[in-house]
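In what follows, a structure is listed as structure tokens, so that the remarks can point back to it.
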Amino acid sequence: MPRTLLCLLLATGCVGGDDKDPDTTGDTSGSEACALAADSQTCPECSDGTVTCTFDDTSATAASCGGCQARAELYGQLCADGETADRATIEANTVCAPAACVVLYDPCNDPCTPRCLDEGAAAELNTACDLDCSMPSPEPGSCENTGFACEWVKE
């Protein structure tokens with residue numbers, strides 16, 4: 001059976017040729033985006049906050065360690081979309097930033113206290129609960145992303 005599979009792969013052109021890596025310089029078939037996606041699958045298993053990475057009109061948001069996971073998701077999406085830009089262009093024009101922060105009253109847990117959360121965390125909260133008190137104003141200041149965390153920045 002393995003010999004039959006090998007012959008089938010050789011016949012379809014999936015295996016064979018020389019042992020050298022193909023030269024993808026100037027390749028616009030989308031393979032450079034796919035190579036970036038493959039190269040970016042070595043992120044550490046940690047998260048220091050939610051990050052959004054964007055290239056042109058494509059973006060990906062993920063809990064990331066230094067933005068690694070969000071960048072890997074973006075490159076995977078570019079590969080799936082058949083992005084034709086070369087590797088240098090993709091890398092130079094990829095912008096990663098901490099996710100925007102929002103003020104949220106979580107009626108399920110603490111309906112009277114405003115929380116400063118990144119968009120991803122706020123979207124995951126269940127807000128289908130009834131409010132038991134009137135919502136006070138947030139403490140003076142603004143809800144901002146200070147690095148990779150959303151915090152109240154006092155005025």
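The values are calculated or read from the model by the stated rules, or taken from the named source; none is laboratory data. What you see is a predicted model, and the numbers here were worked out from it, not measured in a lab. Cβ sites come from the backbone with ideal geometry, for glycine too, and all protein chains shown count toward neighbours.
Residues are listed down the side, and each one gets a yes or a no for (1) at pLDDT 70 or above; (2) outside any loop (DSSP other than H, G, I, E, B); (3) farther than 30 Å from Cys79 by Cα:
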{"residue": "Cys96", "(1), (2), (3)": "yes, yes, no"}
{"residue": "Val102", "(1), (2), (3)": "yes, yes, yes"}
{"residue": "Thr113", "(1), (2), (3)": "yes, yes, yes"}
{"residue": "Cys133", "(1), (2), (3)": "no, no, yes"}
**Complete:** Picked from the stretch 135-155 (must be under 26 Å from the mean Cα position of the chain (by Cα) and modelled with pLDDT under 80), the residue surrounded by the fewest Cβ atoms within 10 Å (Cβ to Cβ) is Gly147
**Fill in**
Per the filter on the stretch 37-85, residues crowded, with 22+ Cβ neighbours inside 10 Å and farther than 17 Å from Ala121 by Cα are Phe55, Arg71, Ala72, Leu74, Tyr75, Leu78, Glu83
